[in-house]
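The values are calculated or read from the model by the stated rules, or taken from the named source; none is laboratory data. Computed from a prediction, not measured in an experiment: that's the story for all the values here. Here the Cβ positions follow ideal geometry from the backbone for every residue, glycine too, while neighbour counts run over all protein chains shown. Remember, those area values only see protein heavy atoms, side chains included, never the ligands or the DNA or RNA. Shrake-Rupley method; radii C 1.70, N 1.55, O 1.52, S 1.80 Å.
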Amino acid sequence: MKNHSIDVKALKRAPTPSQNADVCLQVENLSLHYLRSQNVALHDVSLEIPRQRVTAFIGPSGCGKSSLLRCFNRMNDLIEGSIISGHVWLDGEDVYARGVDVATLRRRVGMVFQSPNPFPKSIYENVAFGLRIQGLNKKRVLDELIERALRSAALWDEVKDRLNENALVLSGGQQQRLVIARAIAVEPEVLLLDEPASSLDPISTLRIEELIYELKTRYTIVIVTHNMQQAARVSDMTAFMNLGRLVEFGETDTLFTNPRQSQTEDYITGRYG
Amino acid sequence: MQGDQHKQHISGQFNAELDAMKNHLLEMGGLVEQQLSRAMASLLLRDSGQAEVVVRADRQINEMELQIDEECSRILARRQPAASDLRLVLAVAKSTTDLERIGDEATRIAKQATKLSELPPSAGGALELRKISNHVASMLREALDSFARLDVSKAIDVVLDDGAVDVEYDAAMSSLVRLMKRDPESISSVVHEMWALRGLERVGDHATNIAEQVIYLVLGRDVRHMKPGELQSLLKSKES
């Protein structure tokens, strides 16, 4: 009988997604372990990422910021021996629920990495890639969607006359904007940016930052950056992480002028270490 | 975050720049205190020689203002300070302006002393002037001390004290007006004393501004335009 009894207290404690429509991604008690390295990457992290705003994750190397980012589109699934507990909800839907189609999830949650990684194809085909996977092959429709994505990524004027050239001839900054165009061509809800400007020169970096500012009117953006000034410039909300824990999460304006936690203060003022 | 002010940055050079900037502000504060004290002595003793020293020394204060402002700009541009470091740079930049204005008020008082020295002696408002002068000089000293020690309780006391100066100023003005009515002969000298009185009241306001910057620096709270009741609650919460 005992085995079948219902624990009412546990039911009351059962986590539920937020009803707040302004919350896009909700993380609750998320922990991540890597079995192979015996490493605990994330410890009981909880936070709510607001819709159509830019949220930055900052913290020293190995603090878990990229690991947390990769939980949002289940990129950690690709790492053998990673064990995850807790919850991640996207628009109230559990990202780790059984039956979730990971390909669909990754279409909804696009990702751009540190080094620009265009395919060795034409500029046009790079942006068309995700659209073709979705079954879109009509040239007229593709032309329109590709132009829209390239315009949104502030790249159209620079490449409109050479769409059939190989994407690898573009500069690093242009390649990164092309990868962003590729990510937004399929109209995701969330854009994850993992150190998107760390390999770029200052001018290309500013272009990416300007692009982030424009894109947030349509997408929820989460950016991981080592560059604190970049986080201060581009984000509305900032999360400071250390040793796999979320130390402080709040409005960027407040966090960079009057942080609540002394650990955050030490890190952003360069007293860390 | 009060204690963190004293922790060292990874960059020793950055530490040195912040320390130098703050020390220059306190040095300027010391000079301004001296100017105010000399200006008041020249006024009460009607000593034009001492007044002349004050007027000449104002240039040094103006130069210090430019130097500290430049240090603040350089740190903002090169270091992009955040949190308590950012608040320190902002507080120093704003307090420098207040100190420079106090220097201007001291010069103005000294100029009134020069004019008074040319007039025949009269029974004026020396008592009122001495009282307010001591009061605002003490506020300035406490404000600068609270900056040096990052003592937020002391800074709140200074801000709360400004109301008392305003009351003393109103009483002193009324007293001088009565004196002018009673003794019209004294008008020419009392007018200069009224200007000096006005200058002292402004010194109290500038000392209050500096104390408000200390509160912002330590607590991250902007208390300008806050009502005395709210400030008292802040002081209580700080003490408890």
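Just to be sure before I move on: is B:Glu239 under 26 Å from B:Leu88 (Cβ atoms) and exposed (fewer than 15 other Cβ atoms within 10 Å of the Cβ) in the structure I sent?
Answer is yes for this residue.
Given the conditions (1) open to solvent by less than 30 Å² (accessible area, probe 1.4 Å); (2) within 14 Å of chain A (Cβ to nearest Cβ), report the number of the one that B:Ile61 does not fulfil.
(2)
Condition first: part of a strand (DSSP E or B) and open to solvent by 50 Å² or more (accessible area, probe 1.4 Å). Can you find one or more residues in region A:94-111 that meet it?
Scanning region A:94-111 turns up no residue that is part of a strand (DSSP E or B) and open to solvent by 50 Å² or more (accessible area, probe 1.4 Å).
Mind listing just one residue for me: the one in region A:244-269 that is among the charged types (D, E, K, R) and within 14 Å of another protein chain (Cβ to nearest Cβ) and, of those, surrounded by the most Cβ atoms within 10 Å (Cβ to Cβ)?
If we take residues in region A:244-269 being among the charged types (D, E, K, R) and within 14 Å of another protein chain (Cβ to nearest Cβ), then A:Glu265 is surrounded by the most Cβ atoms within 10 Å (Cβ to Cβ).
Taking region B:195-214 as the search range and keeping residues that are in contact (Cβ under 8 Å) with a residue 60 or more places away in the chain and open to solvent by 30 Å² or more (accessible area, probe 1.4 Å), which one is nearest to B:Lys22 (Cα to Cα)?
That would be B:Asn209.
State the number of residues belonging to region B:119-130 that are touching a residue at least 12 places away in the same chain (Cβ under 8 Å) and either over 21 Å from B:Ile187 (Cα atoms) or hydrophobic (A, V, I, L, M, F, W, C) (or both).
Final tally of qualifying residues: 4.
Restricted to region A:139-193, and to residues that are among the charged types (D, E, K, R) and in a loop (DSSP other than H, G, I, E, B), which residue is most open to solvent (accessible area, probe 1.4 Å)?
It comes out as A:Asp161.
Kindly establish whether A:Leu200 is free of Cβ contacts under 8 Å to residues at least 40 places away in the same chain and crowded, with 18+ Cβ neighbours inside 10 Å.
yes
Give region B:15-30 a look and list any residue that's touching a residue at least 60 places away in the same chain (Cβ under 8 Å) and either open to solvent by less than 20 Å² (accessible area, probe 1.4 Å) or under 30 Å from B:Arg130 (Cα atoms) (or both), or say none.
Once the filter is applied, which keeps residues that are touching a residue at least 60 places away in the same chain (Cβ under 8 Å) and either open to solvent by less than 20 Å² (accessible area, probe 1.4 Å) or under 30 Å from B:Arg130 (Cα atoms) (or both), region B:15-30 yields B:Leu18, B:Met21, B:Leu25, B:Leu26, B:Met28, B:Gly29, B:Gly30.
Give the residue that is farthest from A:Val40 (Cα to Cα), with candidates limited to residues of region A:220-234 that are open to solvent by 10 Å² or more (accessible area, probe 1.4 Å) and under 15 Å from the mean Cα position of the chain (by Cα).
For region A:220-234, the residue satisfying everything is A:Val234.
For B:Arg78, indicate whether it is over 29 Å from B:Glu193 (Cβ atoms), more than 16 Å from the chain's Cα centre (by Cα) and either without any contact (Cβ under 8 Å) to a residue 40 or more places away in the chain or surrounded by 15 or more Cβ atoms within 10 Å (Cβ to Cβ) (or both).
For B:Arg78, the condition - over 29 Å from B:Glu193 (Cβ atoms), more than 16 Å from the chain's Cα centre (by Cα) and either without any contact (Cβ under 8 Å) to a residue 40 or more places away in the chain or surrounded by 15 or more Cβ atoms within 10 Å (Cβ to Cβ) (or both) - is met.
Within the group A:Met241, A:Met228, which residue is aliphatic (A, V, I, L, M), more than 10 Å from chain B (Cβ to nearest Cβ) and at negative phi?
Selected residue: A:Met241, the only one of A:Met241, A:Met228 that is aliphatic (A, V, I, L, M), more than 10 Å from chain B (Cβ to nearest Cβ) and at negative phi.
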